[in-house]
Amino acid sequence: MPGHSRFLNACRRQPVDTTPIWIMRQAGRYLPQYRATRAKAGDFLTLCKTPELACEVSLQPVDILKVDAAILFSDILIPVEAMGIELAFTEGEGPKLTPVRSNQDVARLHVPDALAETGFVMDAVRLIRRELGGRVPLIGFSGAPFTLASYAVEGGASRNFRYSLAWMHADPVGFSALLDLLADTVIAYCSAQVEAGVQVLQIFDTWAGVLSRRLYREFALPATRKVVHALRRFDVPIILYVNGSAPFLEETAAVGADVLSVDWRVSLAEVAERTRGAAALKGNLDVRALYGGPKVIEREVARVLADAPVQGHIFNLGHGILPDTPVEAAQCLVETVHRLGRKEV
Ligand code: CP3
């Protein structure tokens, strides 16, 4: 069975020969080949904005790891920059943005024309599809409105989300207007990716785990649901990744995605039970298991598979692979999942 049907079939909860796997941040610094291409680009944003180089790094994990899907190489903050928020990546410090802290700041932003303002992303999508030649499907992605809002409001990564949550409490209407603008941006950006050729979409809500169940339900859920509903007009599976979603799994299921991707802190069996089988599941090996060698990897993979549904499971990590992970560990993971995940036919 060709790899592409394995991954797409699992998204649709149809039979597969073995469990498909891809790895969040599979194109990244742990790969020497990635570091070489990034050195060629000079800096991270140039890598994202040069379709030939973005294509090169997207394909690397397909060749090196034998994963069942490629993911577009880009960053969740690319459409945020296009909205009119200055963005820079400083070495070792992560992203820095000009903070959006008031309704006047929001009024200065716009929903970007995805083709005119982020056309390099769609060019990368077309190139990657051509270079893949149907070997595996291509995943496109976007940040979820709340996670994008948190970067815009905090001005970068944050430990305590002081400004975004303070704004939510003090001015729920104003903060919702920012989320709505971001939702419209995400809809236009993802639609353009599908039109350029991505076959699956993943929405990353990396920081929603900072929210209480009530705040998730009142703010993040309606904004993410608006995105997913609008993207329903395309026939592509939608994966929703919410890091730290254990306190409000039921609400993440209410978003209506085809696949729910969860972190390592919750068992897939518990997710299936609490979401009443509403979606296929993706995950959720603890990235730190990759440092333990083949025996630990095999034991922990078996543990995840034992908790997973027989149909409708895509193997992945609970969060992105870390830069100091040995490449052999990632290769061992893929081989082990394909071996232990084999189905009786
Ligand atoms: O998964 C992939 O291989 C595709 C590429 C991808 C990147 N970022 C490349 C990247 C994807 C899907 C993302 C999404 C992304 N970006 C998220 C959501 C995913 C998650 O981890 O939950 C977030 C929160 C961001 C924002 C972001 N981009 C941060 C916080 C950082 C700094 C991280 C760090 O460790 O320095 C980035 C930079 C980034 N994005 C890198 C890569 C490969 C490292 C940049 C480099 O080469 O120095």
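Quick notes on this structure:
- Residue pairs meeting the criteria (Cβ under 8 Å; at least 6 apart or on separate chains; first without any contact (Cβ under 8 Å) to a residue 60 or more places away in the chain, in the stretch 18-45; second open to solvent by less than 10 Å² (accessible area, probe 1.4 Å) and polar (S, T, N, Q)): Ala27/Ser58
- Among the residues making up the stretch 252-306, those that are without any contact (Cβ under 8 Å) to a residue 40 or more places away in the chain and of a type in the set (Asp, Glu) are Glu270, Glu273, Asp286, Glu300.
- Of the helices (runs of 4 or more DSSP H) lying entirely inside the stretch 1-56, those carrying at least 2 residues that are surrounded by fewer than 19 Cβ atoms within 10 Å (Cβ to Cβ) and aliphatic (A, V, I, L, M) are 32-41.
- Boolean, Ile128 is open to solvent by 20 Å² or more (accessible area, probe 1.4 Å), in a helix (DSSP H, G or I) and within 14 Å of the ligand (Cβ to nearest atom): no
- One residue alone among Met24, Met1 is at pLDDT below 95 and of a type in the set (A, V, I, L, M, F, W, C), and that residue is Met1.
- The stretch 91-112, subset assigned to a strand (DSSP E or B) and under 24 Å from Glu56 (Cβ atoms), residue farthest from the ligand (Cβ to nearest atom): Pro95
- Residues being out of contact with any strand residue (DSSP E or B) (no Cβ under 6 Å at 6 or more places or on another chain), open to solvent by 20 Å² or more (accessible area, probe 1.4 Å) and either within 11 Å of the ligand (Cβ to nearest atom) or part of a helix (DSSP H, G or I) (or both) - total across the stretch 61-87: 3
- The set of residues from the stretch 88-114 being among the aliphatic types (A, V, I, L, M) and surrounded by fewer than 16 Cβ atoms within 10 Å (Cβ to Cβ) comprises Ala88, Ala107.
- Which numbered condition Phe146 fails, given (1) under 19 Å from the mean Cα position of the chain (by Cα); (2) in a helix (DSSP H, G or I); (3) within 27 Å of Thr50 (Cα to Cα); (4) not polar (S, T, N, Q): (3)
- Single residue of the stretch 149-163 satisfying the filter (over 18 Å from Ala107 (Cβ atoms) and part of a helix (DSSP H, G or I)) that is least open to solvent (accessible area, probe 1.4 Å): Ser150
- Qualifying helices (runs of 4 or more DSSP H) (wholly inside the stretch 188-283; at least 2 residues being within 16 Å of the ligand (Cβ to nearest atom) and either of a type in the set (Lys, Arg) or at pLDDT 95 or above (or both)): 221-231
- Looking only at the stretch 312-337, and only at residues there that are under 18 Å from the mean Cα position of the chain (by Cα) and open to solvent by 30 Å² or more (accessible area, probe 1.4 Å), the one that is farthest from the ligand (Cβ to nearest atom): Leu322
- Of residues in the stretch 190-210 being closer than 20 Å to Ala152 by Cα and open to solvent by 10 Å² or more (accessible area, probe 1.4 Å), the one nearest to the chain's Cα centre (by Cα): Phe204
- Number of positions in the stretch 305-345 that are outside any loop (DSSP other than H, G, I, E, B) and on the phi > 0 side of the Ramachandran plot: 0
The values are calculated or read from the model by the stated rules, or taken from the named source; none is laboratory data. Because the structure is predicted, anything quoted here is derived from the model rather than measured. Cβ sites come from the backbone with ideal geometry, for glycine too, and all protein chains shown count toward neighbours. Protein only, heavy atoms only, side chains kept; ligands, DNA and RNA dropped before computing areas. Shrake-Rupley method; radii C 1.70, N 1.55, O 1.52, S 1.80 Å.
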